[in-house]
Structures are given as structure tokens and as C-alpha cells.
Amino acid sequence: MYTHANFEMIGRVAKITSRDAVSYLTVAGDDAIKDESGAFEDRPWFNDLAAFGAVKEGLSRLRTGDLVRAVGTIRPTQYENDDGMTVYATGMTLRKVSILARSSREIEEEA
């Protein structure tokens, strides 16, 4: 049986954090939410996506502010913290990232 849980998001590169075996791509976006007065206000969100292997290596071409499309898998995870409590989380592993538009900051620097 083939089952899966995938995600797709479009947002801006907020940061890339590299470690030995894994890098984390933080993708930022925002939702326009109507407040009590009827005006729209931006509500930012951030997702940390784990990247391994060739996908991890490919993150080097990304720059802060780039607009990207990120696709990957979602999996439940759990671990025991220092206090012996079980912590439950949802892990998102990046499978593919595409640059949709370069950051305007980078374009200005190249000019």
C-alpha cells in the first residue's frame, strides 16, 4: 500500500541553518487576516524544513528573501526531553525547492 503526507508551500527564505548531517530552511510567509475593524493585517508564519543529502547541498544557491516553492513530506515525531517527558512534534522534510523569484536585495547588489 502506498500512503503519504506531503506539503507544498510558497514563501520567502528567512534563513538557512546548517548542521553536520542536516540543514534547516526557514520559509516565511504571511496571511491577511481581517481584524475587528474590518481592516486586513498581516500575520506572518515561519516553517523550519529539514534538508538532507543532495537537497541539503542545493540550499547553497538560495539567498535570504528569495521567493521559493518548497515540497516535501510531513511525519509525526516524538522524543524524550531532558526531564524524561515525551515530546510530540510534526517534522517536515524538504524533498525539492525551486526558486520562483530572486530577492530584490540581491538584484540591487549585482547592479
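The values are calculated or read from the model by the stated rules, or taken from the named source; none is laboratory data. Predicted model, so just to flag it, every value in this text is computed and none were measured. Glycine also receives a Cβ, built like all others from the backbone with ideal geometry; neighbour counts cover every protein chain displayed.
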Determine, yes or no, whether ASP30 is out of contact with any strand residue (DSSP E or B) (no Cβ under 9 Å at 6 or more places or on another chain) and either of a type outside the set (Gly, Ala, Ser) or at pLDDT below 95 (or both). no
Starting from segment 81-98, take each residue that is over 30 Å from LEU67 (Cα atoms) and list its partners that are surrounded by 15 or more Cβ atoms within 10 Å (Cβ to Cβ) and not aliphatic (A, V, I, L, M), counting only C-beta distances under 9 angstrom and pairs at least six apart or across chains. none
Assess whether ASP82 counts as being over 12 Å from the mean Cα position of the chain (by Cα) and surrounded by fewer than 11 Cβ atoms within 10 Å (Cβ to Cβ). yes
Please verify whether ALA14 is over 21 Å from ARG102 (Cα atoms) and either crowded, with 16+ Cβ neighbours inside 10 Å or of a type outside the set (Ser, Thr, Tyr) (or both), treating the condition exactly as stated. no
Any residue at all in segment 29-44 that's surrounded by fewer than 16 Cβ atoms within 10 Å (Cβ to Cβ), in a strand (DSSP E or B) and within 9 Å of the chain's Cα centre (by Cα)? no
Hits in segment 45-64 - residues which are in contact with a strand residue (DSSP E or B) (Cβ under 8 Å, 6 or more places away or on another chain), of a type in the set (Gly, Ala, Ser) and closer than 11 Å to ILE16 by Cα: ALA50, ALA51
Some residue of segment 48-60 being more than 17 Å from ARG12 (Cα to Cα), in a strand (DSSP E or B), out of contact with any helix residue (DSSP H, G or I) (no Cβ under 8 Å at 6 or more places or on another chain) and at pLDDT 95 or above: no
Residues in segment 19-27: is at least one surrounded by fewer than 11 Cβ atoms within 10 Å (Cβ to Cβ), in contact (Cβ under 8 Å) with a residue 12 or more places away in the chain and not in a loop (DSSP other than H, G, I, E, B)? no
